[in-house]
Amino acid sequence: MFTPHTLATYGREARAQILSTARTPQFVIPSVALPLLFYGVMGLGLSKGREEVAHFMLANYVIFAAIAPAMFGFGAAVAAEREAKLIELKQIAPLPAGGYLVGRLIAALALIAFASVLLGILALFGGVTMPTWRWAATLGLGLASAIPFALIGLNIGLRLGSQGAVAVANLIFLSFCLFGGLWIPLDIMPSWMSKVAEFTPSYHLGQLSQMLSGMQPMANVPHHLSVLGVISVAALGGAWAAWRRQAA
Amino acid sequence: MSANPSQTPVGLLSQVTKRRGATQALNGLDLIIRPGQCVALLGPNGAGKSTSVALLTGRLRPDSGQVRLFGGDPRDVATRGRMGVMLQEAGLPRTLTVREQVDLFRGYYRQPRPLDETLRMAGLEGLERRRCGALSGGQQRRVQFALAIAGRPDFLVLDEPTTGMDIDARRALWSAVRAEIARGASVLLTTHHLDEAEALADRIVVIDHGQVIADGTPEAIKSQVSAIAIRCRTRLADADLASLASVTGVSRDGGRVTLLTTSAAGTLRELLARDETIDDLTVAGASLEDAVTRLVETSAPAQHQTKVA
């Protein structure tokens, strides 16, 4: 199954997707520039050197940095390539099963890793301190959080036209940041917002990120993981159905 | 190149039916493409050409009947690895260069054609470093052709390959297709240009209403459909026009009449003698549309009868 030829094909597909993503400013700006800019201004600038604020916000911004590459890479980009019949041509070509999606996922992960490492460097120079394993765990969670966001994005990309997909991906991207408490802590927001937050993957990932970076005691981990699991499985099922339907 | 019937067909559609939305796109279609053949699939819009191509390339499954590619399932990766496809309306990634995109597709195949050879055959020298999004429509079609031949395919499927190309680019593509045929590849071509079908194909299949209505060498098909079209305004009735010497078909479009004839001189002599008020007269070789319309018209009643029975 995973012959050298197949693996090489995945690699080439991923490289092409990374090149293509890196040359598209509409993806790079929300994916890399926005998290860095926001973190620099709000996490470091406004915190005036208070470590716990910069630390708390880093945990949130690592999740924030994962949403855009996944939502736009799988939402807007897939919709555009599907509309241009590019995916159809790749389904006809002897590209191994799933090669297209694997390539997209690797491209999204590369972009997230790039943004997370830059965020980490910014935080380090901004005075955030934590043990090495907490750095690794926090940035690693950011990478892993690409999976649920990518699956949700894929549902948008496979079901909507390219114009609609960009609009919906933007809307969901902003609501996940806001309702997940990634920009503004939920305690200072109206209480109905914390009820909405329960239904967003960004809230649960944000909570886990706080725990891994040592800003919160470990609590309710099975609850957060199971909600994330349910959201991911539901999104996977929806994406599978949509993928099958377009190849009817 | 001669076709040996005992060999496994390159492509096979057997008694295939396929419904698409409210229309019966294919209605018991039979088509066998043998090794070394270049088959041109002709027919009016909606005849079932695109559906046939979609079935052979594994994008659709038949409702009933059998579809085989090299004797196997068109959806198998190994089977698809022997086929190169140029779709009618496929796009390209705007941000990748021509060289990157062609090289990417080469990588899908186990024994790809060398990159420089692929680019040269498709007439893309000098455009390698351009981004696909910056190319003209005709140039994008050439990149699509490069993607189709990148794997040295045994079976080349070309769906309206020269749409949007200028004359030089069309002729260059034709000679590249001829080179592929000479190498031993089989070709399935759909086109609206009769000259393109004549230039490339050694077999022509005309389909309508999802069934084959004519199948033979270009010469055989031409003897059935080839005709001269006389267009004019006349006060003669259809019945009078049909009785003129050598007339094989009469149709009206607004005030103008189109007469298909096998002898322009004979028909014109009688036409001018019978109606001295004749006006707006042109004589031209019948277009493919005239020819296919003629074939479709003559075969339609028989087909409908079989459908009922």
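Listing for the model above:
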read-out: Of all residues in region B:170-211 being among the hydroxyl-bearing types (Ser, Thr, Tyr) and under 21 Å from residue B:295 (Cα atoms), the one that is modelled with the lowest pLDDT; value: B:191
read-out: All helices (runs of 4 or more DSSP H) inside region A:1-105 with 2 or more residues being of a type in the set (A, V, I, L, M) and closer than 26 Å to residue A:137 by Cα; value: A:4-22, A:34-38, A:51-71
read-out: Cβ pairs under 6 Å, 6+ apart, first in region B:20-36 and touching a residue at least 24 places away in the same chain (Cβ under 8 Å) and closer than 28 Å to residue B:82 by Cα, second charged (D, E, K, R) and in a strand (DSSP E or B); value: B:25/B:18; B:26/B:18
read-out: Which listed residue is assigned to a helix (DSSP H, G or I) and either β-branched (Val, Ile, Thr) or more than 8 Å from chain A (Cβ to nearest Cβ) (or both), from B:54, B:47, B:40; value: B:54
read-out: Whichever residue in region B:212-226 is modelled with pLDDT under 85 and closer than 18 Å to residue B:49 by Cβ and, among such residues, is farthest from the chain's Cα centre (by Cα); value: B:225
read-out: Close pairs from region B:76-99: first facing chain A (nearest Cβ under 7 Å), partner part of a strand (DSSP E or B), Cβ under 7 Å, at least 6 apart; value: B:85/B:157; B:87/B:159; B:95/B:131; B:96/B:131
read-out: Residue within region B:60-78 that is within 19 Å of the chain's Cα centre (by Cα), surrounded by fewer than 18 Cβ atoms within 10 Å (Cβ to Cβ), modelled with pLDDT under 90 and part of a loop (DSSP other than H, G, I, E, B) present; value: no
read-out: Options B:178, B:152; residue that is not in a loop (DSSP other than H, G, I, E, B) and not aromatic (Phe, Trp, Tyr); value: B:178
read-out: Residue count for region B:104-121, restricted to those that are more than 7 Å from every other protein chain (Cβ to nearest Cβ) and closer than 14 Å to residue A:94 by Cα; value: 3
read-out: Identity of the residue in region A:2-29, of a type in the set (A, V, I, L, M) and under 12 Å from residue A:96 (Cβ atoms), that ends up farthest from the other protein chains (Cβ to nearest Cβ); value: A:7
read-out: Hey, residue A:180 surrounded by 17 or more Cβ atoms within 10 Å (Cβ to Cβ) and modelled with pLDDT of 90 or more or not; value: no
read-out: Any hit, region B:2-10, residues being within 29 Å of residue B:112 (Cα to Cα), modelled with pLDDT of 85 or more and surrounded by fewer than 23 Cβ atoms within 10 Å (Cβ to Cβ); value: yes
read-out: Residue list for region B:44-67, restricted to those being free of Cβ contacts under 8 Å to residues at least 60 places away in the same chain and of a type outside the set (D, E, K, R); value: B:45, B:46, B:54, B:55, B:58, B:60, B:62, B:64, B:65, B:66, B:67
read-out: Residue list for region B:237-281, restricted to those being in contact (Cβ under 8 Å) with a residue 40 or more places away in the chain and loosely packed, with under 11 Cβ neighbours inside 10 Å; value: B:277
read-out: Filtered residues of region A:88-135 (kept if in contact with a helix residue (DSSP H, G or I) (Cβ under 7 Å, 6 or more places away or on another chain), surrounded by fewer than 18 Cβ atoms within 10 Å (Cβ to Cβ) and aromatic (Phe, Trp, Tyr)); value: A:114
read-out: Residue check, residue A:94 modelled with pLDDT of 85 or more, over 20 Å from residue B:133 (Cα atoms) and within 11 Å of chain B (Cβ to nearest Cβ); value: yes
read-out: Test for residue B:126: is it out of contact with any Pro (no Cβ under 9 Å at 6 or more places or on another chain) and either away from every other protein chain (no Cβ under 14 Å) or surrounded by 19 or more Cβ atoms within 10 Å (Cβ to Cβ) (or both); value: yes
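The values are calculated or read from the model by the stated rules, or taken from the named source; none is laboratory data. Small disclaimer: the values here were computed from a predicted structure and weren't measured. Cβ: placed from backbone, ideal geometry, glycine included. Neighbour counts: every protein chain shown.
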